[in-house]
Amino acid sequence: MSKVRKYRLVAGTGLVVLGVRMALRFVSLRRLLRWLSCRPASGGEGQLVMGDTVYYVDRWLALFPYNPKGNCFPRALTLFLFARRAGLPVQFNCGVMKVHQQLEGHAWLTLDGHEFLEPSSYWQAFTVTLSFPPPPVVSSD
């Protein structure tokens, strides 16, 4: 990766993380997801560019944490935008699970029904409460 491309990616991921965090304070999640859900570009570099993107998004969130319990929410939203721009038809998911009589939440991405860019299998314990875009409805014809 050239230095110019690297610095553009560092700055771009930082700006998107900041923009997502600010937008979460002022607009609904559904509206934000519509803003971030550009149509997947055809012929994009796809998964090849996502490795560097994930690294820089995670670095920004480590430097400026969103929540003491974790950064999954802004991480998933930011990566949703970058993955869609890269031509990947990813799906944003939120879910909950009960832990010690309290609900815990998590956000993650899926691609073709499988986890995408998740650092662990933690997401599997959650019951999905929101998927965007919604999965296609399969008719029983």
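The values are calculated or read from the model by the stated rules, or taken from the named source; none is laboratory data. Only a predicted model underlies this, so the values are computations on that prediction, with no experimental measurement involved. Cβ: placed from backbone, ideal geometry, glycine included. Neighbour counts: every protein chain shown. With ligands, DNA and RNA removed, areas are computed over all heavy atoms of the protein, side chains included. Shrake-Rupley method; radii C 1.70, N 1.55, O 1.52, S 1.80 Å.
Among residues that are within 20 Å of Val10 (Cα to Cα) and in contact with a Gly (Cβ under 9 Å, 6 or more places away or on another chain), Trp123 is not included.
Residues in segment 59-79 that are in a helix (DSSP H, G or I) and open to solvent by less than 60 Å² (accessible area, probe 1.4 Å): Leu61, Cys72, Phe73, Pro74, Arg75, Ala76, Leu77, Thr78, Leu79. Restricting attention to segment 16-45, the residues that are farther than 15 Å from Arg75 by Cβ and either assigned to a helix (DSSP H, G or I) or at pLDDT 95 or above (or both) add up to 7. At least 2 residues being loosely packed, with under 13 Cβ neighbours inside 10 Å is the threshold, and among the strands (runs of 3 or more DSSP E) wholly inside segment 80-135 those reaching it are 91-99, 102-111, 127-132.
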